[in-house]
Amino acid sequence: MDSGATRPTRALPDVVAFGGDLPLWLATDSHALLETTSVLTQIPMLRTWRGRRQFLAGAPKSPGVLRPRLWTEVVMHRLLVLYSKPADPDHFRDYYVTNHLPLVMNWPGLLAWRYSFDVAATEGEAPYFAVFEGDFADAAAMAAARASPHGQRLAADVVNYATGGAVVIHYPVPDGTG
């Protein structure tokens, strides 16, 4: 007898609420499964973690799931800063890590950030020395963060280390997972 058959079950929540409360990748997998199942009344509440992890990681699903997951619209807005080679690269690195990044970490509205000093070009010499990426919920959140007193302090701090200048661009980022 399958041990899963005796475990408690629960009714599946509404698809919209289900997708809104879970990460996009989980909601998308579940959404595809829901659309291909004709009768859904009960789902086992408890399964082995291994079995669930394999399902969520894209392991083979039911034979009825033949179409790919749906793509979504914009999920965030990215601020990209490209730093040209400074007069003193060692000062840039030290100041950036010691002084500037602690300011970045407390920037209101910033969802995620990353940077690198190891910028390389696929051919020839890289035109930039360092790069920074910051993710915001949308363009309005990014604009509000940049206009805030903290955002103005961050912008004013750039002259203390980026003697080669910086190019700042921003753009919407669509979700390309699938």
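Read-outs throughout are calculated quantities, based only on the coordinates presented, and are distinct from any laboratory measurement. As the structure is a prediction and not an experimental result, all values here were calculated from the model. Ideal geometry is used to build each Cβ from the backbone, glycine not excepted, and the neighbour counts take in all protein chains shown.
Return the inverse of the average 1/r over all pairs of distinct C-alpha atoms in the stretch 97-178, which is the Kirkwood hydrodynamic radius, in Å to one decimal.
For the stretch 97-178, inverting the mean 1/r across all distinct Cα pairs yields 14.3 Å.
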Could you calculate the contour length gain from T98 to A139, that is, 0.36 nm times the residue separation minus the distance between their Cα atoms, to one decimal place in nm? 11.9 nm
How far apart, in nm, are the 7 Å Cα→Cβ label points at A126 and D88? 2.2 nm
FRET efficiency for T163 and W113, Cβ-Cβ distance as r, R0 = 22 Å, nearest 0.05? 0.50
